[in-house]
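Here's the structure, in structure tokens; my notes come after.
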Amino acid sequence: MQRSIATTTLPGHLGEKLQAAAAAGFDGIEIFENDLLYFDRPPAEVRRMATDLGLSIIALQPFRDFEALPEPRRARAFDRAGHKFELMGELGTDTLLICSSVSEHALDDPARAAADLAELAERAAPHGIRIGYEALAWGRHVRDYPQAWSVVRAADQPNLGLVLDTFHLFVRGNRLDTLADIPPDKITLVQLADAPEMDMDVLELSRHFRCFPGEGSYPIVEFMLALRAIGYQGAVSHEIFSDEFRSASPAQIARDGMRSMLWLEEQVERAATPLAAEPAGEDLVNGFEFLEFAAEGGEAAWLAQALESLGFRRTHRHRSKDVSLYRQGEVNFIINREPDSFAHSYEQRHGTSVCALGIGTPEPGRLVERARRFRCFAFTGKISRDELDIPAVRGIDGGLVYFVERRPGAKRFFEVDFEALSDEEPAGFGIECVDHVVQALSTAEFLSSQLFYRVLLELQPQTEFDIVDPHGIVTSRIVQSRDGAVCIPLNTSFSHESSTQRFRTRYAGSGVQQIALRCADIFAVAERLNPRNVLPMPENYYEDLDARHDLDPALLERLRRHNVLYDEIDGGRLFQLFTRQINGLFFEILQRDGYTRFGEANASARLAAQAREYERIRTLAPDYERPAR
């Protein structure tokens, strides 16, 4: 299969797009004509650039409003086509893509449309040119691919075929079973585009919210299986229109496009040959093995104090580095003060922050192989003798993701690289494990991060939802392992004053904003916390809570006294409280009683409380965020 990407998918000028596509490993590229029009090099030079980069120009697109026009518009359309043929000769491409007409002058006459396409194909044949006809979902008369196929079949020309675009196919609710009626040699090109579930105008959805397969909700895998069943082996190309893509770098988007293509091939192979394919990977990851903080000087002491105020104790020190381990239950927090380290450079840019996630896995080798396959950036740090060489890659946010062996019988990382300060396990306050870790991202990184975690760790994306912040809307999407052991909510916002963007501004980039820690009895934990470190909630929240859930007065009073938030769904109950922030980072303590969601009903109340705290921070002393003993 020839892997291609349309230039309209990538940001930047045409030269940058060609370089990014080649660097990502694509075989071919579709030239979107506007990219050529606005480029300062002639078509013949674009051809040479593509050839030098190892790219074939698989098509020129789009040719609009051609078929079923009355005279004299019909004659002018054929004249336009003649100019396109000359341009294609200079570019060195043999395929022209035609979109179904949206012209108000187009006639509702399938026979006339077929005749026009037949004549165009005849005129194109001496030039060695193929014509591909595509049904636009908002076309004037042809909107569905069965209609387009009917026109192509009636035209009956060997160099005329059908272009299948998954966006236009699925947004119109077309069925896949009718693909079986189309001979594979009559499919000129397949274009891939996914999209989220959004109730909005089709044209607006297409122009602004398309995404790569694996980032949206369309059944692209099933589509590719249907193509495989009929024997299609031609070019497959990404054609994406996205506001988020336009604000990113061409290298990042091209890399994401290749990851999406490789992931799609993997999913199709698994579905088609389940016994021969790699295992589905339900146990590929099994939890957060550690979270590593970068901190220095006085702020490192403040961070240690914050962890101690939550019941964590320093239990180990690294054998050769200025690195400490704080533990409670199954939670491992590392504070890295090592001067010559990745953590040091990360702290210099972001301040006190989470610089790495240690993801537990029974088979680190499988994750290393996946990282190579999906072209992730490997990281190698300084390893002293007799220390573990834990493989790692760079995440989209710039932090590290470690693959830490975690299986029965294997030594834990701290049993090899660290020295225990005591033989006793810390008693703690009752915190048991990391429930989830929230990352704040730019809008340009939001889709990339979803794809990164999906292809690398096989985390499954959940339905996207919006949270009302006092200063804007925060969009959130959760990616998690099948058993929920690794769960990472991803947040972004277009509003510069929202909680997410305030964090990113202060933090000088994207990263971990929230760490949620699970316990069995939140009130037992709350009794041990210093109230000064807990985010205060307004009395109005509890008045509304009582009205919504008719809680026992004693429970309501305990919630109020400890600033604990509450929610219940289908008999499950959630209790949660939040700490004040350190450099924008904050902790959540939560108790789940048969509750599987994330307290979305409380998110707006929490964001409003944090907005109030933010206003106070602006006027209080610099050590306001220092945690209290």
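The values are calculated or read from the model by the stated rules, or taken from the named source; none is laboratory data. Treat the numbers as computed from the prediction; the structure is a model and nothing was measured. Glycine also receives a Cβ, built like all others from the backbone with ideal geometry; neighbour counts cover every protein chain displayed. These area figures cover heavy atoms from the full protein model, side chains too; ligands, DNA and RNA do not enter into them. Shrake-Rupley method; radii C 1.70, N 1.55, O 1.52, S 1.80 Å.
For segment 347-424, the gyration tensor built on C-alpha atoms gives an oblate shape. Its axis ratio a/c (a ≥ b ≥ c) is at least 1.5, and a/b is not larger than b/c.
Distance from the Cα centroid of segment 304-370 to that of segment 494-553 is 24 Å (rounded to whole angstrom). Per-residue packing, averaged as other Cβ atoms within 10 Å, sorts the ranges 515-521, 384-390 into the order 515-521, 384-390, beginning with the highest. Relative to the longest principal Cα axis of the chain, at what angle does helix 110-124 sit, 0 to 90 degrees, rounded to 10? Computed tilt is about 80 degrees.
Packing order of peptides 488-501, 439-452, highest average first: 439-452, 488-501 (average count of other Cβ atoms within 10 Å over each peptide's residues).
A simple packing score, the average count of other Cβ atoms within 10 Å per residue, orders the peptides 25-32, 254-261, 360-367 as 254-261, 25-32, 360-367, with the highest score first.
Expressed as a whole percent, the accessible surface of the chain that belongs to carbon and sulfur atoms is 48, based on a 1.4 Å probe.
Divided by 2.2 N^0.38 Å, where N counts the residues, the Cα radius of gyration of the chain comes to 1.11.
Helix-only estimate, please: 222 nm mean residue ellipticity of the chain, summing -39500 (n - 2.57) across DSSP H runs of length 4 or more and dividing by its residues, to the nearest 500. Could you put the intermediate results ahead of the total?
On the way: 21 runs with 229 residues, N = 629.
Calculated from helices alone, the mean residue ellipticity at 222 nm is -11000 deg cm²/dmol.
What is segment 291-429 by shape, rounded, prolate or oblate, if you read a ≥ b ≥ c off the alpha carbon gyration tensor as root eigenvalues and call it rounded for a/c under 1.5, prolate for a/b larger than b/c, and oblate otherwise? Oblate.
Within straight-line reach of LYS17, meaning a Cα separation under 27 Å, sit the following lysines at least 8 residues removed in sequence or on another chain: LYS84. Against the main long axis of the alpha-carbon atoms of the chain, helix 250-272 sits at an angle near 90°. Are there chymotrypsin sites (Phe, Trp or Tyr not before Pro) in segment 368-417 that DSSP puts in a loop and that have at most 16 other Cβ atoms within 10 Å, and which ones? Passing both the DSSP loop test and the Cβ count: PHE377. With all protein chains kept in place, the per residue accessible area of segment 469-565 amounts to 42 square angstrom at a probe of 1.4 angstrom.
Using only Cα atoms and rounding to the nearest 10 degrees, what angle (0 to 90) does helix 443-457 make with the longest principal axis of the chain? For helix 443-457, the angle is close to 80 degrees. Estimated at 0.36 nm per residue, the fully extended path between ALA23 and ASP185 surpasses their Cα-Cα distance by 55.3 nm. The slack in the chain from ASP593 to LEU87, taken as 0.36 nm per residue of separation less the alpha-carbon distance, amounts to 175.6 nm. Gain on full extension, evaluated as 0.36 nm per residue between GLN305 and ASP546 minus their Cα-Cα distance, stands at 83.2 nm. Note on surface exposure: SER510, SER341 rank SER341, SER510 by accessible area, highest first, 1.4 Å probe. With the whole protein complex present, GLU543 retains an accessible surface near 100 Å², based on a 1.4 Å probe.
Extending 7 Å from Cα along the Cβ direction at HIS127 and again at HIS105 yields two label points whose distance is 2.1 nm.
Please label the shape of segment 166-281 as rounded, prolate or oblate, based on the square roots a ≥ b ≥ c of the eigenvalues of the alpha-carbon gyration tensor (a/c under 1.5 means rounded; beyond that, a/b larger than b/c means prolate, else oblate).
oblate
Here the Debye sum runs over all C-alpha atoms of segment 494-536 as equal scatterers in vacuum, and log10 of I(q)/I(0) at q = 0.24, 0.27 Å⁻¹ comes out as -0.86, -0.93. Think of the chain as a dipole: +1 on every Lys or Arg Cβ, -1 on every Asp or Glu Cβ, centred on the Cα centre; then among HIS344, PRO470, PHE85, HIS344 lies furthest on the positive end.
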